[in-house]
Amino acid sequence: RLVLTDLDGSLLDHHSYDFSPAAPSLARLKELRVPVIPVTSKTRAELLLLREALGLTATPFVAENGAIIGLPPSWCHARLDRPGNGGDGVVIKHMGVDIAFIRARLRIWRKRLGIKFTSMGELSIQDVAKLTGLDEKDAQKAQQREGSEPLVWQDDAASIDTFRLALEGDGLELTQGGRFWHVMGRSADKGCAVTWLIKRFATLRGCTPLSLGLGDGPNDITMLEAVDQAVVIKGMHKTPVTPHTSALYRTKAAGPSGWAEGIAYWWGQDSRQLSAAKQ
Ligand code: 2M8
Ligand code: MG
């Protein structure tokens, strides 16, 4: 089995970034050796310490909305991966397009369409800290983008669709997180990354895992459509989060409490039930 999870607003509280209400549930999954894979908008730099704090250093991770995949040694393939390019034996896969290309196209479309937005690379560290509630050290890590750019949209809602069409012509995709809009390569969203990881699991282990995905935002929809069992965590999104899947549970609680509720809904409250969950 596999758990694939969004962080902000899902495993982590939207405001405080705390995960303690989900800690017992996380610990049980670890005991049962079920890999819990973060699938997040955060950068590789932000994930470095966070994965340690969450006890998730031995599992893969997906950063920047799907643009980056990190594989620990146990998930590497002898012939397909160049070992250790991410430090600690972690192999980094770049699934999308380079940040320099994204930023160049954003500047061009802003001028041509006459639209208003500010991209994360244009914000000061202090502004990022103020907008996100992160401290300045973490805000600086959030700015170290490799394959996706968050934007503060400062134009009317109707112009979003024109902007999306313009980006599509460049092979780019636009999605919405908790606070920002995010731009990344079209084959580099959360759903593509999750499908890729499930395939990798099957190649290495010789069987397809039962996959459970959890997320709270529009940027999680592609991931929730790529897993067997989906959980939409109660959030503050005005746009409804509606993945097309029949195996969907919506939590009553928000953030990490909703996370534990979602795991319990599909796989039972205690470890005995968890290990008996259908394979
Ligand atoms: C951004 O991502 C979240 C994801 O929902 C958002 O759009 O609100 C990213 O910049 C990420 O790197 C950062 O850690 C996060 C902080 O809230 O915001
Ligand atoms: Mg989220």
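The values are calculated or read from the model by the stated rules, or taken from the named source; none is laboratory data. Nothing here was measured: the structure is a model prediction, and the numbers come from that model. As a convention, Cβ positions derive from the backbone with ideal geometry for all residues, glycine included, and neighbour counts pool all protein chains shown. Just so you know, the surface numbers come from the protein's heavy atoms only, side chains and all, with ligands and any DNA or RNA stripped out. Shrake-Rupley method; radii C 1.70, N 1.55, O 1.52, S 1.80 Å.
Quick notes
- Taken together, the residues in region 233-249 that are more than 12 Å from ligand 2 (Cβ to nearest atom) and in a loop (DSSP other than H, G, I, E, B) amount to 9.
- Check on Thr208, under 26 Å from Ala260 (Cα atoms), without any contact (Cβ under 8 Å) to a residue 24 or more places away in the chain and either over 20 Å from the mean Cα position of the chain (by Cα) or within 16 Å of ligand 2 (Cβ to nearest atom) (or both): yes
- Scanning region 38-61 turns up at least one residue that is away from ligand 2 (no atom under 14 Å from the Cβ), in contact with a Ser or Thr (Cβ under 9 Å, 6 or more places away or on another chain) and charged (D, E, K, R).
- Residue in region 176-232 that is most open to solvent (accessible area, probe 1.4 Å), counting only those that are hydroxyl-bearing (Ser, Thr, Tyr) and not in a helix (DSSP H, G or I): Thr208
- All positions within region 123-135 that are exposed (fewer than 15 other Cβ atoms within 10 Å of the Cβ) and over 20 Å from Ala63 (Cα atoms): Ser124, Gln126, Asp127, Lys130
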